[in-house]
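For reference, the structure is listed below as structure tokens.
The values are calculated or read from the model by the stated rules, or taken from the named source; none is laboratory data. In this text, all values refer to a predicted model and were calculated from it rather than measured experimentally. Virtual Cβ from ideal backbone geometry, glycine too; neighbours counted across all protein chains shown. These area figures cover heavy atoms from the full protein model, side chains too; ligands, DNA and RNA do not enter into them. Shrake-Rupley method; radii C 1.70, N 1.55, O 1.52, S 1.80 Å.
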Amino acid sequence: MRVLVVEDETLLAEQVKNHLMQQQFSVDLSHDGSDGFFKISEYPYDLAIIDIGLPKLDGLSLIRKARQQDIKTPVIVLTARGSWQEKVQGLDAGADDYLTKPFHMEELLARCNALIRRAAGQPDPTLSAGPISLNSRTQQVWCHGEEVPLTAYEYKVLEYFMLNPTKVISKTELTEHIYDQDFDLDSNVIEVFVLRLRKKLDPDGELKPIETLRGRGYRFNLAVGA
């Protein structure tokens, strides 16, 4: 999943980025509200983590402007310790959740995963599609009851497919959601990941979970439920 972190405390921003990247998220950073608003307006994010006290454009104004432009990216706001007013203001501005500083990275990760699942209509961490099961908390995948070893990027591709079943997804959209902002979007490496997933999940070619739509991209054809 691709996350935007808007935080002017450089050390904290880097700590959040590093922790999320260890959990296979792609992360973009902004250190002021103006740049954060530009990024959330221009790039497709699965989640944004926004501090309220930002230079140039404060976090509340950033969120309000994003919602006014019908940007539906789920948002977690970072608030000052014990400031219930900031929590209320953040939610009123259009945030979906809040976290009080200082916080544990494990709690931030849990809230990120829960919010992404909720936004995708999948509140349970385990997604199932036919014989395929994926646990977003442990990042494990099973097929016909046997665990399937996936690389980090193979997992990211499969998770995105299962969070968006039946949707036509272009290679560009997939690339933007699994790689950081500065990745070469012309790369054909997505084709390699999809080919590997087909071989690992459907070696006999009977299940056909991922359909290629010539000139348009891919579609995950199995019904997904919790």
- [ ] Give the residue, chosen from I116, I132, that is within 26 Å of A223 (Cβ to Cβ), touching a helix residue (DSSP H, G or I) at 6+ places or on another chain (Cβ under 9 Å) and modelled with pLDDT of 85 or more.
- [x] I132
TODO: Considering (1) open to solvent by 50 Å² or more (accessible area, probe 1.4 Å); (2) under 16 Å from D8 (Cα atoms), say which one F37 fails and leave the rest.
DONE: (1)
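Of L57, L47, L78, which residue is in contact with a Pro (Cβ under 6 Å, 6 or more places away or on another chain) and closer than 22 Å to T10 by Cα?
Working: L57 fails: in contact with a Pro (Cβ under 6 Å, 6 or more places away or on another chain); L78 fails: in contact with a Pro (Cβ under 6 Å, 6 or more places away or on another chain).
Just a single option satisfies the conditions, and that option is L47.
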- [ ] Take the residues in segment 35-92 that are at pLDDT 95 or above and among the aromatic types (F, W, Y), then tell me which one is nearest to T172 (Cα to Cα).
- [x] F38
TODO: Would you please name the residue that is farthest from I190 (Cα to Cα), looking only at residues in segment 139-151 that are within 22 Å of the chain's Cα centre (by Cα) and open to solvent by 70 Å² or more (accessible area, probe 1.4 Å)?
DONE: W142
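Residues that are under 20 Å from the mean Cα position of the chain (by Cα) and of a type in the set (D, E, K, R), at least 3 per element: which helices (runs of 4 or more DSSP H) completely within segment 42-123 meet that?
Details: elements: 59-68, 84-93, 105-119.
Ranges flagged: 105-119.
Determine if segment 92-108 includes at least one residue that is among the aromatic types (F, W, Y), out of contact with any Gly (no Cβ under 9 Å at 6 or more places or on another chain) and under 20 Å from R137 (Cα atoms).
First pass over segment 92-108, keeping only residues among the aromatic types (F, W, Y): 98, 103.
From what's left, out of contact with any Gly (no Cβ under 9 Å at 6 or more places or on another chain): 103.
Those still in the list that are under 20 Å from R137 (Cα atoms) too: 103.
The answer is yes, given that some residue of segment 92-108 is among the aromatic types (F, W, Y), out of contact with any Gly (no Cβ under 9 Å at 6 or more places or on another chain) and under 20 Å from R137 (Cα atoms).
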